[in-house]
Amino acid sequence: MRYSTMTFLKGLTLTLGLMMTMQTTSQAQEVYALEDKTTTVQLRSNGLYWLALSPNIGVELQTDMGIAFLADYVGAWWNNYESNRFWSNYAFHVEGRYYLDTKKQSSPFKGHHVGLYGYMVTYDFEFGGKGYQCDDLSKTFSIGASYGYSMPLNERLSIDFTVGFGYLQSKYTVYEPTKTWYTVTDYKKGTWIGPTKLEATLVWNINKRNNR
């Protein structure tokens, strides 16, 4: 019923493997293109998740036409079995994004952007009493459309503000702790249409492209 550190490490390994693959692809394109880079790779981390005690890391692969592809991983594994307190959540997020100001900016990845996103989540929340758990990624998911603004800080760093609206569904188990075990009290399903995504993300450009 509980998540383990190994679950977190497996998810993190998968994400890092994806990031290394995308970085290798970008480096190969750099060698081929030399003076005219056609892609960039950026590392991302959402500060709002950190405030919620949920470490996260992501990667953004950007093409030369203002189109970008994002993948993020979130993993928290805090627990205290003696006091029955748990804060565990694991999430995978992907997004396709288009930057609107490609002709106005010296870099095509500044300014306003729109996108389509989806994510899947597992979680286990309990604060000394009744707990709520979704133990399968397929049971909690969201799809939607996003709008945001990317504000550069310097040649390497920027802050990205994004909000998303869409559909969210979650099937979860309600349970209560006893002296020796956890007793399931209900199975529930919830749906939501509205804001399902909020970001204040620090972005680091690994292989800085030539501004135009």
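The values are calculated or read from the model by the stated rules, or taken from the named source; none is laboratory data. Model, not experiment: these values are computed from the prediction. Note that we place each Cβ from the backbone using ideal geometry, even for glycine, and neighbour counts take in every protein chain shown. Side chains included, ligands, DNA and RNA excluded: accessible areas come from the protein's heavy atoms. Shrake-Rupley method; radii C 1.70, N 1.55, O 1.52, S 1.80 Å.
Annotations
- Pair L100, T185: separation of 7 Å Cα→Cβ label points (nm): 4.7 nm
- Here the range 150-190 exposes an accessible surface that is 59 percent carbon and sulfur, computed with a 1.4 Å probe and the other protein chains kept in place.
- Using a probe of 1.4 angstrom and keeping all protein chains present, the accessible surface of the range 52-142 works out to 45 square angstrom per residue.
- Stretching the chain fully between L153 and N79 yields a gain of 23.0 nm (0.36 nm per residue, less the alpha carbon separation).
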